[in-house]
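The values are calculated or read from the model by the stated rules, or taken from the named source; none is laboratory data. None of the values given here were measured: they were computed from a predicted structure. Note that each Cβ is placed from the backbone with ideal geometry, even for glycine, and that neighbours are counted across all protein chains shown. Heavy atoms of the whole protein, side chains included, go into the accessibility calculation; ligands, DNA and RNA do not. Shrake-Rupley method; radii C 1.70, N 1.55, O 1.52, S 1.80 Å.
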Amino acid sequence: MRPLRATGRPWIVPVLLLLVTAVMALPALPHRAGGGAEPAAAAARDSGGGASRPQARDVVLAVHGGAGTALRREDTDARTEKAYRDGLAAALRAGAKVLRDGGDSVAAVEAAVRVLEDDPLFNAGKGAVFTEDAGHELDASVMRGSDQAAGAVAGVRHVRNPVSAARLVMEKTRHVMLAGEAADAFAARNGLTPVTQDYFWTQRRWDELMKAKGTRPAAPTPGASTTGTVGAVALDTRRGLAAATSTGGMTNKMAGRVGDSPVVGAGTYAKNGNVAASATGQGEVFIRGAATATLSHLMEFGGMDVAEAAHEVVIRRLPKLGGTGGVIALDSRGTYAAPHSSEGMLHGYATADGRIVTRVFPDEDDSGR
C-alpha cells in the first residue's frame with residue numbers, strides 16, 4: 001500500500017472547516033410538532049379577553065370596577081351606561097388631580113378608590129354585597145412600590161372607606177393587615193368616622209342576596225351582570241408606583257370569608273421599576289395563584305413585558321385553577337395592560353396629557369366607545 005500523499009489542493013481542508021463552523025452557527029429552526037404547535041400557541045395568546053399587547057401607553061392612572069359577565073350593548077340602556085362611565089371617570093379625575101397637583105401615587109390610588117367606594121354601583125364601600133347572614137364585611141389593601149410597604153384591612157363592618165383604613169395600617173403600624181373588630185376600632189381611633197351597617201344597604205344588593213338564597217325570582221336589573229371589586233394603579237412624576245384594591249366580597253359569602261383583595265401578592269402588588277397591579281375576580285383562585293406577585297415576578301425574573309405577564313397570569317394560568325377575572329397592570333414607563341378571562345371588566349385610564357378613557361363593553365376600541 002502506498003502512503004497517502006498530499007494533493008495539489010491545500011485549500012480544501014480550511015474551506016471544509018469554515019463550512020462546518022458556519023453550519024454550526026446557524027440558529028436552530030423551531031420544531032413544529034405535527035405542523036400545528038406554533039400556530040396553536042399563537043391562537044392561545046390572542047384568545048380570552050384580549051391579546052398579549054398593551055391597552056395603552058403613557059398612562060399615569062388606571063382603575064377597574066370589577067370583572068364579571070359584562071355589560072352588553074343590546075341590553076344596557078343609555079342611562080346605565082352613562083352611570084358606569086361617570087363612576088369610572090370620576091375616580092380617574094380624582095386620582096389624576098392628585099398627581100397633577102404633585103401628590104404621590106399612593107395618594108392617587110387612595111383618592112380614586114374612595115370615589116368608587118362611595119358609588120353604590122360598585123361592589124365596595126357603599127355598594128358592598130351582603131354576607132350569608134345579611135351583613136356587610138369589607139376588605140381592602142394598598143401597596144407602595146418604592147419600599148414595598150403595604151397595609152390591609154379584612155372583615156371591617158363600620159368603615160366607610162376601607163382603602164383609607166388600609167393606608168393607615170401601612171403608615172401607622174408595624175403590621176400589614178388588621179381584621180375584624182380590631183380593624184374597625186383602629187380606623188376609628190385614627191380619625192375615620194364609623195358608619196352603621198345600614199349605611200351599606202342598597203335595594204339592588206338585597207335583591208341579589210335574596211336571589212342567591214333562592215327566596216326571590218331572578219328578575220334582571222340594569223348592571224346586575226357585573227360583579228367583583230374596585231381597584232387603582234398609579235405612576236407619579238417621581239416614577240413611583242402604587243396599587244390599591246377594595247371589595248365587599250361575594251354575595252351570600254360565609255361570614256368571616258376573606259378573598260384576595262386585602263392579600264398582598266394576590267389582589268394587590270406594587271414594586272418600583274417593575275409594575276403596579278390590582279386584581280378582580282374569584283378571590284380564592286387569585287390567592288392560590290398568587291396572581292399579582294406572579295405577574296410582577298414574570299416581569300422581573302422572566303423577562304416578560306407587562307402585557308405578556310398579565311396575559312400569562314390571567315388568561316393562561318388562573319383558569320387552570322378554576323377561576324376567571326381580570327387585572328389592571330401599569331409598568332414604570334406608563335404601559336398599561338388590562339386582560340380578563342371573564343366575559344367583561346369595567347375599567348378605564350388617564351394619560352399624562354389628561355385624556356380619560358372608560359371601557360364598559362367588551363368590544364370597545366381605544367376611544368372608549
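Listed values, structure above:
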| quantity | calculated |
| --- | --- |
| Every pair of residues 6+ apart whose Cβ atoms lie under 6 Å, when the first sits in the stretch 145-174 and is without any contact (Cβ under 8 Å) to a residue 12 or more places away in the chain while the second is of a type in the set (Asp, Glu) and assigned to a loop (DSSP other than H, G, I, E, B) | none |
| The stretch 129-145, residues that are part of a strand (DSSP E or B) and either over 29 Å from Ser105 (Cα atoms) or open to solvent by less than 20 Å² (accessible area, probe 1.4 Å) (or both) | Thr131, Leu138, Asp139, Ala140, Ser141, Val142, Met143 |
| Pairs with Cβ under 6 Å, 6+ apart, first in the stretch 200-229 and farther than 21 Å from Asp77 by Cα, second modelled with pLDDT of 95 or more and part of a helix (DSSP H, G or I) | Arg216/Met210 |
| Test result for Ser341, under 18 Å from Ala232 (Cα atoms) and not β-branched (Val, Ile, Thr) | no |
| Residue count for the stretch 233-272, restricted to those that are part of a loop (DSSP other than H, G, I, E, B) and touching a residue at least 60 places away in the same chain (Cβ under 8 Å) | 21 |
| Top-ranked residue in the stretch 194-210 [being in contact with a Lys or Arg (Cβ under 7 Å, 6 or more places away or on another chain) and farther than 19 Å from Gly155 by Cα; ranked as surrounded by the fewest Cβ atoms within 10 Å (Cβ to Cβ)] | Asp207 |
